[in-house]
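We did not get these values from a lab; they are worked out from the coordinates using the rules stated. The model shown is predicted, which means the values in this text are computed figures rather than measured ones. When we count neighbours, we look across all protein chains shown, and the Cβ atoms used for this are built from the backbone with ideal geometry, even at glycine.
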């Protein structure tokens, strides 16, 4: 009897020592953002530096607990850089049928452009990277001639989309950001 009680106590103490994981279980390790929940590693380009997520001025998160801010990096003090979010797929809300995949996610972003933003879509593509991760991407400019270069990139990882929003002051900077995102690595 004592052995049974001791065994159960030991099992429960080991089980309670393992913290529950959630999508925001990520940290900076060297020059990479590493997330243990998604088992992914994203190495940002040298033109960017990580920023404290609490300093970002982003729209209010979804009240339905299906969006998670993961990481952000910026070019110095400029408003250019990358923001990384996770979005759970197929979460139905009172106002939405749930995002099905990366293409659906990007379609919704494009429909959200306001006329005054003068958004011009430069390219849109679907592809799979060397790790076998499916991606959807669209590159665009806003603000008319001489405006900002931007992209929306969504990588499907399990039941989530890892969404990258990039803003750059030049097409060369945007290309560096895109290249780093496409190199996203997920452990299997």
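The order of 167, 52, going from fewest to most other C-beta atoms within 10 Å of their C-beta, is 52, 167. Between residue 49 and residue 69, the modelled label-to-label distance comes to 1.9 nm, taking each label 7 Å out from Cα in the direction of the beta carbon.
Each residue in 141, 24 was given a count of other beta-carbon atoms within 10 angstrom of its own, and listing them fewest first yields 24, 141. Applying 1/(1 + (r/R0)^6) with r as the Cβ-Cβ distance of residue 131 and residue 31 and R0 = 25 angstrom yields a FRET efficiency of 0.85.
For the pair residue 145 and residue 97 in one chain, pulling the backbone fully straight at 0.36 nm per residue adds 13.7 nm over the alpha carbon distance.
Of interest is the spacing of the C-alpha centroids, which for region 122-144 and region 68-82 amounts to 19 Å. For the peptides 95-103, 82-90, residues were scored by their other Cβ atoms within 10 Å and the scores averaged per peptide; the highest-first order is 82-90, 95-103.
Over region 23-186, one equal point on each Cα, no solvent: what is log10 I(q)/I(0) by the Debye formula at q = 0.09, 0.19 Å⁻¹? Log10 I(q)/I(0), no solvent term: -0.28, -1.39.
Between residue 22 and residue 179, the FRET efficiency estimated from the beta carbon spacing at R0 = 22 angstrom works out to 0.15. Gain on full extension, evaluated as 0.36 nm per residue between residue 107 and residue 187 minus their Cα-Cα distance, stands at 25.9 nm.
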